[in-house]
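Contents: one structure, followed by commentary.
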Amino acid sequence: MDTAPAAKASIHAQTPPKRRALLFLVLPPALWLLCFLVLPYLGLFFQSFLGTNDLGDVVLEPSLDAWRAFFTKTLYRSTLLYTFKIALTVTSLAVLFSVPLAYFIAFKVRRGKELLYSLIIVPLWVSYIVRAYAWKIILGREGILNSFLQWAKITDAPVEAFLYSEWAIIIGLVHIYTPFVLMPVYTAFEQIPRSLVEASKDLGAGRITTFFRVVLPLSLPGVIAGGTFAFVLTLGDFLAPVLLGGTDNLMISNVVQNLFGTSNDRPLGSVVGIVLLVVVVALLETTSRAEKSFASLESGRGRLGGAR
Amino acid sequence: MIRMSSWVSAAGLAVLGIASLGCQGEKKPEGAAPTGSAAPAAQKPADPAEKFKGQTLNILAWEGYADPKFTKGFEEKYGVTVKGTYFGSSDELVAKLKSSPGVYDIVSPSSDVAYTLVQGGLVDPIDTSKIANWGDLADALKNLEDAKKDGKQYGVPFTWGPDYLIYDANVVKEEPKSWKVFYDAQYKGKVTLWDDISNIYLVGQIMGLDKTNQAALYNMTDEQLAEAKKKLVELKPQVRKYWATAGELNDLFKNKEVVLAVGWPLTVGTLNKEGLNLKGVIPEEGATGWIDRLMITSSSKNKDLALAYLDYVTSPKAQALVFEATGGYCVANAKAKEHMSEDLKKSPCVTEGETYFKRLNFWQYVKERKKYNELWNEVKSAK
């Protein structure tokens, strides 16, 4: 980010034609953001202060009903908290799987690194819904897992708790979002100069000490970036609860979808949307700060952080 | 700065303009008209077949309401394409219609939201003189007040039927007499309910609220709603999953996840053809039911074609095909019976007719719909 002030300064210093050229460079993304992010959110914000009539139409009269409903009814708060819980679990598990796997590929594999890495990326090519359905086939009452357990005489009746449960949602989401964590973690591992690892060993640190005191801290920006991906994406997910969840796994995006797509209560839907946006922006800000502070530990100049 | 902002707004408008053009382009008639079968009729210049040729009719309807089994006849007659989009709940219909005006030509609202569409100006009055079979359609359906405004008719009766209790007769050996079977401990985790506020009507019925006044289910007091919520939360451990679409309900039965459900004849009809042994029953508390009428949206760009479709789909032959395609949804035209297979003639809506009609408590307009919706979400989020 430290390039921004410099760019600003150079705009003022440059001659008009160059300035215009720069404007053309900045304009498309700025327009994009304005049309597809700023304006829609402004619309949502405006709409959140309106009410609805008996027929469910938004009426142009200022009203705080939607905000009041959001803050007074436990439904919205408890669903938001529950969603956080799921997102945190999914993120932790995805990180837990990604770090050893990425470490293995980055440091231990000598040949076929690219192949292994792309094997992890390949699932991203398969549609989300197909993968969720695959889990249905695996976890269902007459699914692969239950058939196996019964065949192996581990259980004598199908286990119902696999599918249509919180765990099914978590498994599905971890499967879907782990590659998003793995990619930045792997990149972080790859960027660690091997000489540092050698130096650690030369100075008498064992393998485990080297991993926890040198390698892992240096990979933290990647872990944080990946974890943020998983967390934010899980927070906004509404398909997994619908496809894999049971009767009590309502997540906040299901509520949003319900408010816009079913109840036609657009003001309240807007309120929830804005609250989610604020939460996500706050989270991104916090993690990007954390990322930078970890990155600057490394060489004093934030080399890794600057690269991202 | 000023120049910048005017640039931005001009370009923004251009982007929006292009986007909306793009959307309109999408709605243009698509696909080539089926050739051959409609050719002889199409040679007369004044023939409607010529007029409509190549157009696309967009139907936003309940699952199964744009089945090729009966839409094909219309497509061939006029050389048009019928495109169906299915919705999963009444509220979804209203939300979809409001959020995308101009996309859909015909909708199939049930009796709980028909009033909303009519009063909200989302649908147009229908010139019933243009519907050849109007006289043959059931009076009970034509006379419903919710589809009328200022003496004008807004809906063409299409189908009606129950939200009855469906059970897997291979597992549930004895026909359930009461909805209370859902609470039976031996079927724990084997029940599925529809993901819709109609569950509130259902428990209202179990509570006996509609014994004296049918409308009571649709106008519950706060205390009654609280009681209904309690009953629905109590039922949760029994429920495997709330189904969102008829397709999902099919999967639940097929994969042996559930043995009891609240659902429609479509499910029984479809799955028994695949070798399952499902039965539908109206328990002693009664069942709610739905009356679906077809309406022409006020934003439709193909109103004449839509009217031609309503004329077609209410004919005895088409209605018999609808009956067959939906696995036994009662149809509005009694003359359809002549075209039905012997098997389907055994359906209670043919044999019992009016008595069957009277056994159902048909959905009505719910004024406090927001409250019902919120309550249903609260039930779903309850742990």
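The values are calculated or read from the model by the stated rules, or taken from the named source; none is laboratory data. Everything numeric here is computed off the predicted structure, so don't read it as measured data. No Cβ is skipped: glycine too gets one built from the backbone with ideal geometry, and neighbour counts run over all protein chains shown. Remember, those area values only see protein heavy atoms, side chains included, never the ligands or the DNA or RNA. Shrake-Rupley method; radii C 1.70, N 1.55, O 1.52, S 1.80 Å.
To the nearest hundred square angstrom, how large is the accessible surface buried between A and B, total for both chains, probe 1.4 angstrom?
By this definition, chains A and B bury close to 3400 Å².
Can you list the residues of the range B:342-383 that have at least 50 square angstrom less accessible area with all protein chains present than in their chain by itself, probe 1.4 Å?
B:LYS370, B:GLU374, B:ASN377, B:LYS380, B:SER381, B:LYS383
Could you grab the relative contact order for chain B? Cα pairs under 8 Å, six or more apart, rounded to a whole percent.
Worked out over chain B, it gives 23 percent.
Under the Karplus relation 6.51 cos²θ - 1.76 cosθ + 1.60, θ = phi - 60°, what is the ordered set of whole-Hz ³J(HN,Hα) values for the range B:138-146, x standing for Gly and Pro?
Taking θ as phi minus 60°, the curve returns 4, 4, 4, 7, 6, 8, 4, 6, 5 Hz for the range B:138-146.
Tell me the relative contact order for chain A as a rounded percent, counting alpha carbon contacts under 8 Å between residues six or more apart.
24
Over chain A, average the accessible area per residue using a 1.4 Å probe and give it in Å², no decimals. Don't skip to the end; give the middle numbers.
Working: 16930 Å² over 308 residues.
Accessible surface, normalised per residue, equals 55 Å².
Let me cross-check B:ASP343: its accessible surface, 1.4 Å probe, with only protein heavy atoms counted, in Å² to the nearest 10?
110
Could you work out what % of the accessible surface of the range B:123-163 is carbon and sulfur, using a 1.4 angstrom probe and leaving DNA, RNA and ligands out of the count? Provide the component values of the computation, followed by the final result.
Values: 780 of 1750 Å².
The nonpolar share, carbon plus sulfur, comes to 44 percent.
Return the long-range amide H neighbours of B:LYS83 (sequence gap of 5 or more, or a different chain), with a cut-off of under 5 Å between placed amide H atoms.
Amide H neighbours of B:LYS83: B:LEU57, B:ASN58, B:ILE59.
Where does each of A:THR187, A:THR74 land when they are ordered by accessible area, with a 1.4 Å probe and the largest first?
The ranking, largest first, comes out as A:THR74, A:THR187.
So which trypsin sites (Lys or Arg not before Pro) in the range B:339-378 pass both tests, a DSSP loop state and at most 14 other Cβ atoms within 10 Å of the Cβ?
Listed in order of number, the matching sites are B:LYS367.
From the square roots a ≥ b ≥ c of the eigenvalues of the alpha-carbon gyration tensor of chain A, which class results: rounded (a/c under 1.5), prolate (a/b over b/c), or oblate?
Because a/c hits 1.5 or more and a/b fails to exceed b/c, chain A counts as oblate.
Considering only DSSP beta bridges whose two residues both sit in the protein assembly as shown, what percent are antiparallel, to the nearest 5?
60
For peptide A:53-62, how many partner chain Cβ atoms fall within 10 Å of a residue's Cβ, on average? Intermediate values should be presented prior to the final figure.
Values: counts 1, 8, 11, 10, 5, 1, 0, 0, 0, 0.
Mean partner-chain Cβ count within 10 Å for A:53-62: 4.
Taking the solvent-accessible surface of protein heavy atoms with a 1.4 Å probe, what is the per residue accessible area of the range B:196-277 in Å²?
36
Quick one: if you take sqrt(5λ) for each eigenvalue of the C-alpha gyration tensor of the protein assembly as shown, what semi-axes come out, biggest first, whole angstrom? Kindly include the intermediate steps, with their values, before the conclusion.
Values: eigenvalues 524, 233, 128 Å².
For the protein assembly as shown, the ellipsoid semi-axes come out as 51, 34, 25 Å.
Given a 1.4 Å probe, show me the residues in the range A:137-160 buried by at least 30 Å² of accessible surface when comparing the whole protein assembly to the chain alone.
Buried by the other chains: A:ARG141, A:GLU142, A:GLU160.
Please report, as a whole percent, how much of the solvent-accessible surface of the range B:293-383 comes from carbon and sulfur atoms (probe radius 1.4 Å).
Carbon and sulfur: 52 percent of the exposed surface of the range B:293-383.
Filter the GluC sites (Glu not before Pro) in the range A:83-180 down to the DSSP loop ones having no more than 13 other Cβ atoms within 10 Å, then list what survives.
Passing both the DSSP loop test and the Cβ count: A:GLU142.
Of the heavy-atom accessible surface of chain A (probe 1.4 angstrom), what whole percent is carbon and sulfur?
Whole-percent figure for carbon plus sulfur exposure: 69.
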